[in-house]
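What follows is calculated from the coordinates using simple rules that are stated; it is not laboratory data. What you are looking at is a predicted structure, and each value in this text was computed from that prediction instead of being measured. Reconstructed Cβ throughout: ideal geometry from the backbone, glycine too, with neighbour counts over all protein chains shown.
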Amino acid sequence: MRNRFLPIAAAALFALGFAQPAHADDKVKAVASFSILGDMVRNVGGDRVEVLELVGPDGDGHTYSPTPADAKTLAGAQIFFVNGLGFEGWMERLEKSSGFKGQKIVASTGVTPREMEEDDDYGDHAKDDHDDHDHDKHAKDDHDDHDHDKHAKDDHDEHDHDDDKHAEGHHHHGGLDPHAWQSLDNGVIYVKNIRDGLIAADPEGKDTYEANAKAYIEALEAENAAVKKALDAIPEQHRRIITSHDAFGYFGAAYDLEVLAPEDVSTESEPSAKDVAEIIRQIRKEKIPAIFMENITNPAFLEQISRDTGAKIGGTLHSDALSGPDGSAPTYIDMFKHNVETLTSALASSS
């Protein structure tokens with residue numbers, strides 16, 4: 001008896017041995033351009049999607065330079081999630097060199113973009129943008145009305161804003177502000193675009209993607225309410241800050257916080273003596289209580305400004321990248337929790 005069933009058992013084990021790798025190979029191969037977007041895709045894709053990121057934790061998507069390994073990674077992907085709005089100035093070159101034949105989804109499609117206008121000062125964008133764009137209404141209308149399946153199938157062409165055109169100056173004044181994820185209302189729009197892109201690439205996973213997206217959107221909306229409640233407690237006279245580059249315009253507009261950043265200072269170069277002098281003048285003139293570093297920038301010049309003005313360094317904010325898994329912001333939601341806790345801790349007690 002034992003000998004008779006041995007071949008059957010062996011055959012079963014053989015089949016099981018091949019079942020696991022086959023299941024893994026069946027996963028949708030997705031690439032995300034940077035870590036924040038990668039986390040969103042993982043939340044929506046769940047176990048059906050394998051997600052790789054090009055710009056990883058604490059990486060700077062502005063200055064990133066793709067490698068041959070990145071081209072190979074993208075070549076093997078079925079779907080490529082990008083931010084758009086000129087954030088990934090290197091993207092078109094990478095796509096061409098990789099020979100990528102899959103579907104590209106621009107996650108920011110449907111967002112009302114901020115214009116980074118030319119200013120003599122740092123650009124009081126947050127306040128003006130807060131007046132000009134009703135983000136809450138836009139997010140609600142998008143939740144109810146946007147035909148995201150059409151966006152996904154059309155490959156979001158109408159919002160692929162010629163990334164090479166913006167590559168040299170997309171995060172300076174005078175272009176589109178790409179940091180749309182810094183509003184959780186916009187984060188909901190990103191999630192819907194991700195959901196619909198995954199459904200288009202993997203129709204059999206539709207129920208999974210819809211359920212995951214629904215749960216994730218509920219979590220984002222709950223965090224959004226918590227952010228507003230926490231920041232509303234900051235006294236009016238303390239609701240002005242300076243950051244090391246202009247990455248928090250959407251955040252300021254969404255949560256009624258005036259966020260200033262030095263004009264022409266980017267993550268690509270160190271600020272000049274003139275830049276530093278102008279920031280010092282502005283801090284003293286406006287009695288700005290705190291300045292904040294970012295996890296992707298060199299903190300040295302803000303430390304100098306703090307010494308020269310007496311404005312305290314309120315902490316480090318996550319702007320364009322998450323932390324590693326053991327850091328303060330390993331997920332998109334954790335990023336908001338950390339940033340809000342840092343802001344409220346510094347500003348609520350400012351004198």
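In plain terms, the chain from residue 287 to residue 204 could stretch by 24.2 nm, reckoned as 0.36 nm per residue minus the Cα-Cα distance.
List every residue whose amide H lies under 5 Å from the amide H of residue 86, counting only residues 5 or more places away in sequence or on a different chain, with H placed 1.01 Å from N in the peptide plane. Close amide H contacts, sequence-distant or interchain: 161. Segment residue 313..residue 237, full-extension length gain: 25.6 nm, with 0.36 nm per residue of separation and the alpha-carbon distance subtracted.
For the listed residue pairs 72/228; 192/337; 101/214; 29/229; 192/274, the alpha carbons are over 32 angstrom apart in 72/228; 29/229; 192/274.
Amide H contacts of residue 32: 52, 53, 54, 81, each under 5 Å away and 5 or more positions distant or on a separate chain (H built 1.01 Å from N in the peptide plane; Pro and chain starts excluded). With the simple model of a label 7 Å out from the Cα in the direction of the Cβ, residue 215 to residue 274 spans 5.4 nm.
Going by the alpha-carbon gyration tensor, a ≥ b ≥ c the square roots of its eigenvalues, is segment 227-347 rounded (a/c under 1.5) or, if a/c is not under 1.5, prolate (a/b greater than b/c) versus oblate?
oblate
Among 332, 250, 216, a tally of other beta-carbon atoms within 10 Å of each Cβ gives an order, fewest to most, of 216, 332, 250.
Converting phi to 3J(HN,Hα) with the Karplus coefficients 6.51, -1.76 and 1.60 and the offset θ = phi - 60°, segment 36-45 yields 4, 5, x, 5, 4, 5, 4, 5, 7, x Hz in sequence order, with x at every glycine or proline.
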